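Reading through the structure tokens given below for one structure.
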Amino acid sequence: MLRIFIISAFFMFGMNAISRAGDRPELHQPLKQLFSHLRHGDAFKEMKISCRDCHMFSLKAKSQGPLAPDVDARLLSPNKMVCHQCHLGKVETPRPDQCSLCHKNTQLLRPSDHLIDWKRRHGKISQLDGDSCKKCHAQGTCSECHLKRKSSVNRVHRGNFRMTHSTEARFRPNSCTVCHQSQGFCMDCHIGKRK
Amino acid sequence: MCIRLIKILFICWLFAPLQQAHALTTLNTTLASGYHRDSLKQEHLSLFYNMKYSYTSHSGIETYLDFGINNDFVQEEWGAYPYLLYLTLPLDKGQESAAFRKSRVQIGRQIFLEGFAFETLDGVVLQSYLRPDSGIIVYAGSLHVPEETTKSSFKEQIYGSNLFFNKKMISLKVGPAYKTNANTETYLFNSNALILANDFWSHPMLSYKQEWNFKDKSVGQELAEVRAAPIENISMGLQYSSRRPDPNFSRKRRLIYNLFAVGYERSRALTLDWDMPTHQHMGARTERIEYESVAGKENGESHELNYSFDLGSASISPSVRYLSSFGGEMWDYHCRFSYGVNQVTHMSLEAEMSKLDKLNSITGYAYNARAGLDLEFLSRWKAQALLEIERNHLFKVDSRLVIYASHFYY
């Protein structure tokens, strides 16, 4: 029994190390291509952001004098997190999902409170402080699951819902009326209008 | 007519991405088509078009549109669905640390989340921050359930306001609402409170929401929840709810509920979630529901156990559920596997088996399987294919295949 436990623990922690390796949220394009000085010019002027707010020109080479080596250009590049200083605080970009503006796999960017049991809890928090969601999301994120009538990729109900719905409706009748309130909705199938 | 509409949609979809690009515009257009064979072995071709568009002008006015057209092949009807269409007029620039917290007026069709509602509102919502952590919301308009997005009836109207307060651990929202229908009027008082003590031991969360009905002088609906994580990564919750459809609804709109229940539906649930450090998650939920039907008191039970394991870009999540109600008993076994093959290709497989013993003496098994493939074939272009097969008491095999092509523009 102890052996099984030790092997399981080793396996779980070992797997953890492997799975963490792929955790970096990648960018759509290299940072140099994502950022354009030209497009940000007006916004920077309006927000009174100067060159030195992002670039560290104060860096100097160790030895001084006319023969001193140049400072490596890479050191003058801003920190990668500098984008977030505006995009997660001062600027509300009209993205349905602001993070996906630059990042590919936004799942890896989910805040820690979105991880455990978030599907059940998110409604309460969004009702009380909907503006906290606006940091990353627009209303279109809610509509994707709550409003769309894409029955071809129906994710609201489970796969066998056509057969199980009568048992489930008698379990929680109020859940049906959240979306279906037309009296003809049930009848359309049960009289054979829909196949 | 159909062919003409398809042509128009195709042209819209083709030319939409060619608009002038700049950072204040976001556009996502999706065109999907598929094949479906129904229980009578009749074949159908579906078409679905969706467009999400947002544009913010330099003055800060935001236009948001989420619009779909399809021949929903379950409902066999063509329809244009303006899911969301609103203008946001900013009244200030927002707080320095959080631009998204700003006073504003939102006009048009939008999601409405005040009180117990989750509906779309055709109307106006004013949100004003009196202080960085508190303010007032005033709203007026007509409410629609998701099923009604094609219609624009102003028969059911709502007017109200809420005071809101969010500071550190405490969030509060209280205020009156007035609902009117063709012949009825309802005066409500909504209160909603949440205490989220993330810095304390066990990170407790307490939440209570209530709708007080002035006319009946009684609690219309209520929802209470206590949640805590006594051991790191293990979260436990207790939930109580007492719900019923809005009594302001006409009898027609309450019909589906009244087929099974009259009065309140009361439920008690216990949940347990374990987030393991190795990208594994285990969850359990048990729930008991009681309500009164025309025949007398009814109750139901549901017990669910689920597990998920992420390994790099692969994820597997099996679950099992037992449910019983006066409609019968069912066991449901489900498993989903998804795998990111590489940076541009993602696949998913899903299988479900249900064992049923229904009130109408139908017993047996139902099966459902789905397979999906996402392919980012060009920068900003994505193709998706979905194949679904099911087998149950109605038909031996029901199948559908849907192909999507999406363009993302920002």
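Read-outs: derived from the displayed coordinates by stated rules, not from any lab. Note that the structure is a prediction, hence the values are computed from the model and not measured. A quick note on method: Cβ atoms are made from the backbone with ideal geometry, for glycine too, and the neighbour counts reach across all protein chains shown.
Is the protein assembly as shown rounded, prolate or oblate when judged by the Cα gyration tensor, a ≥ b ≥ c being the square roots of its eigenvalues, rounded requiring a/c under 1.5 and prolate requiring a/b larger than b/c? Rounded, because the longest to shortest axis ratio a/c is under 1.5. The simple Förster model, with R0 at 56 Å and r as the Cβ-Cβ distance, assigns B:SER293 and A:CYS51 a FRET efficiency of 0.20.
For the stretch A:23-126, report the convex hull volume of the alpha-carbon atoms normalised per residue, in Å³, without decimals.
Working: hull volume 17.0 nm³, N = 104.
Roughly 164 Å³ of hull volume per residue.
Given a Förster distance of 51 Å, report the FRET efficiency between B:ILE61 and B:LYS252 from their Cβ-Cβ distance, rounded to the nearest 0.05. Provide the component values of the computation, followed by the final result.
Numbers: r = 39 Å, r/R0 = 0.77.
Using R0 = 51 Å, I get an efficiency of 0.85.
Bridgeable aspartates and glutamates around B:LYS297 (alpha carbons under 12 Å apart, same-chain partners fewer than 8 residues away excluded): B:GLU265. Rounded, prolate or oblate for the stretch A:96-150? Axes are the square roots of the Cα gyration tensor eigenvalues, ordered a ≥ b ≥ c, and the cut-off for rounded is a/c under 1.5. Rounded is the answer for the stretch A:96-150, as its axis ratio a/c remains below 1.5. Under 1.5 on a/c is rounded, so check that first for the stretch B:287-410, then, if it is not, pick prolate when a/b is larger than b/c and oblate when it is not; a ≥ b ≥ c are the square roots of the alpha carbon gyration tensor eigenvalues. Since a/c reaches 1.5 and a/b is larger than b/c, the shape of the stretch B:287-410 is classed as prolate. The charge dipole of the protein assembly as shown, taken about the Cα centre with unit charges on the Cβ atoms of Lys, Arg (+1) and Asp, Glu (-1), comes to about 560 debye, rounded to the nearest 20.
Just counting partner chain Cβ atoms within 10 Å, what average do the residues of peptide A:60-73 show around their Cβ?
Values: counts 0, 0, 0, 0, 0, 0, 0, 0, 0, 0, 0, 0, 0, 0.
Partner Cβ neighbours, averaged per residue: 0.
Under a Gaussian network description of chain B, with springs only between Cα atoms under 10 Å, the residue in B:GLN127, B:GLN42, B:GLN157 that fluctuates furthest is B:GLN42. Taking 26 Å as the limit for the C-alpha separation, the pairs A:LYS32/B:LYS168; B:LYS102/B:LYS168; A:LYS124/B:LYS155; A:LYS124/B:LYS179 exceed it in the case of A:LYS32/B:LYS168; A:LYS124/B:LYS155.
At full extension, B:ALA314 and B:LEU373 could sit 19.9 nm farther apart than now, given 0.36 nm per residue minus the alpha carbon distance.
With the simple model of a label 7 Å out from the Cα in the direction of the Cβ, B:GLN157 to B:ASP216 spans 2.5 nm.
Which value at 222 nm does chain B reach when only helices count, each DSSP H run of 4 or more adding -39,500 (n - 2.57), with the total divided by all residues and rounded to the nearest 500 deg cm²/dmol?
For chain B, the value works out to -1500 deg cm²/dmol.
Any of B:LYS167/B:LYS217; A:LYS148/B:LYS93; A:LYS60/A:LYS80; A:LYS60/A:LYS90; B:LYS358/B:LYS396; A:LYS45/A:LYS135 with alpha carbons more than 28 Å apart? Name them for me. Beyond 28 Å between Cα atoms: B:LYS167/B:LYS217; A:LYS148/B:LYS93; A:LYS60/A:LYS90. Counting neighbouring Cβ atoms within 10 Å and putting the fewest first, the residues B:SER97, B:SER325, B:SER361 line up as B:SER361, B:SER97, B:SER325. Candidate cross-link partners of B:LYS52 among the aspartates and glutamates, defined by an alpha-carbon separation under 12 Å and a same-chain spacing of 8 or more, comprise A:ASP97, A:GLU144, B:ASP66.
Take peptide A:129-135, look around each residue's Cβ out to 10 angstrom, count Cβ atoms belonging to other protein chains, and average those counts. Numbers along the way, then the final one.
On the way: counts 9, 7, 12, 5, 1, 6, 4.
Average neighbour count from other chains, rounded to a whole number: 6.
Among the residues of B:252-261, the average count of other protein chain beta-carbon atoms within 10 Å of the residue beta-carbon is 6. Taking the number of Cβ atoms within 10 Å of each Cβ as an exposure proxy, the fewest-first ranking of B:ILE136, B:ILE256 is B:ILE136, B:ILE256.
Cβ-to-Cβ counts within 10 Å put B:TYR86, B:TYR35 in ascending order as B:TYR35, B:TYR86, the fewest first. The label-point distance for B:ASN342 and A:HIS84, in a model that sets each label 7 Å from Cα toward Cβ, rounds to 3.0 nm. Each Lys and Arg contributes +1 and each Asp and Glu -1, all at the Cβ; summed about the Cα centre of the stretch A:96-150, the dipole is approximately 260 debye.
In this simple spin-label model, placing a label point 7 Å from the Cα along the Cα-to-Cβ direction at both B:ASN198 and A:LEU75 gives a separation of 3.7 nm.
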